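The values are calculated or read from the model by the stated rules, or taken from the named source; none is laboratory data. Computed from a predicted structure; not experimentally measured. Here the Cβ is made from the backbone with ideal geometry for all residues, glycine too, and neighbour counts use every protein chain on show.
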């Protein structure tokens, strides 16, 4: 397949028009939206969490010019996030970056991400499965899994904040 950056202007115009007008009801488009939203919400939760573990209590992560991967690094080095959550965030960031910079949504990496969350969640006495035969249930559960991770991080933020 020809790399997008090697397209002619005409090819790129056609690609862009087709890409932007994809039917929102397609599986890939729904998954793209879920991943992008999960990434945005997880960054918000990470910002809150990192602020809550700062020594001074005056850190404003929302005004810092810091990459998502550096925020993961801070949370990993100075916080109490389980390694499984850190790994999920790293995978989510890779998937998002591949999509944002190469316009590729890798189904294999998505499946690995989902199964890693399921494994972590099942260790916390919850049970969820992904059934691709029921597409509505599948996306409901994918959204739930990603929301679970974001809620876990935000919950730790609230716990830290309530200590002070």
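Just checking: which of the helices (runs of 4 or more DSSP H) contained wholly in the stretch 22-121 hold 3 or more residues that are surrounded by fewer than 17 Cβ atoms within 10 Å (Cβ to Cβ) and in contact (Cβ under 8 Å) with a residue 40 or more places away in the chain?
It comes to 27-53.
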Next on the checklist: I'd like to verify a number: residues in the stretch 93-107 that are modelled with pLDDT of 90 or more and more than 15 Å from residue 33 (Cα to Cα), how many?
Outcome noted: 2
